[in-house]
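Presented below is the structure to which this report refers.
The values are calculated or read from the model by the stated rules, or taken from the named source; none is laboratory data. Every value quoted in this text rests on a predicted model; they were computed, and no experiment measured them. Note: ideal-geometry Cβ built from the backbone for every residue, glycine included; neighbour counts use all protein chains shown.
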Amino acid sequence: MDLQVVGLEDLEKRVREAVDRIGEFQTGTRVESDTFFSQEFMRAHTEFDSFTAFCTQSPWSLNGASDVQGAPRDRLNEYVRATTEFETWEDMKTQAAEEEIIDQIVS
């Protein structure tokens with residue numbers, strides 16, 4: 001028996017937007033850190049209520065994503081490991097991107 005499904009235009013549009021978002025992340029498009037690391041994400045995966053709190057409570061002076069990116073990787077990974085459920089900064093960023101993309105598709 002063959003089945004035909006109709007009315008998937010909305011899903012197709014959301015998937016296309018998600019694929020576009022993946023491309024933006026891969027090319028390094030700048031995103032607002034408090035949007036990328038949403039409150040929901042930070043509360044679910046870290047000790048903090050926001051990305052801003054993650055930065056301000058760090059053991060050194062971080063004023064945002066650009067400072068985090070420039071921080072010594074070994075120290076940053078230690079901080080991430082101690083205050084989040086992630087092993088590395090890269091793991092944390094990857095999970096945030098995946099959750100944002102999935103949220104776009106599901107919502």
>> Looking at E87, E78, E99, can you tell me which residue is within 21 Å of T35 (Cβ to Cβ) and among the acidic types (D, E)?
In response: E99
>> I'm trying to understand the selection: among the residues of segment 29-46, which are at pLDDT 90 or above and surrounded by fewer than 16 Cβ atoms within 10 Å (Cβ to Cβ)?
In response: Q39, E40, R43, A44
> Can you tell which of E78, E99 is within 13 Å of the chain's Cα centre (by Cα) and of a type in the set (D, E)?
Replying inline: E99
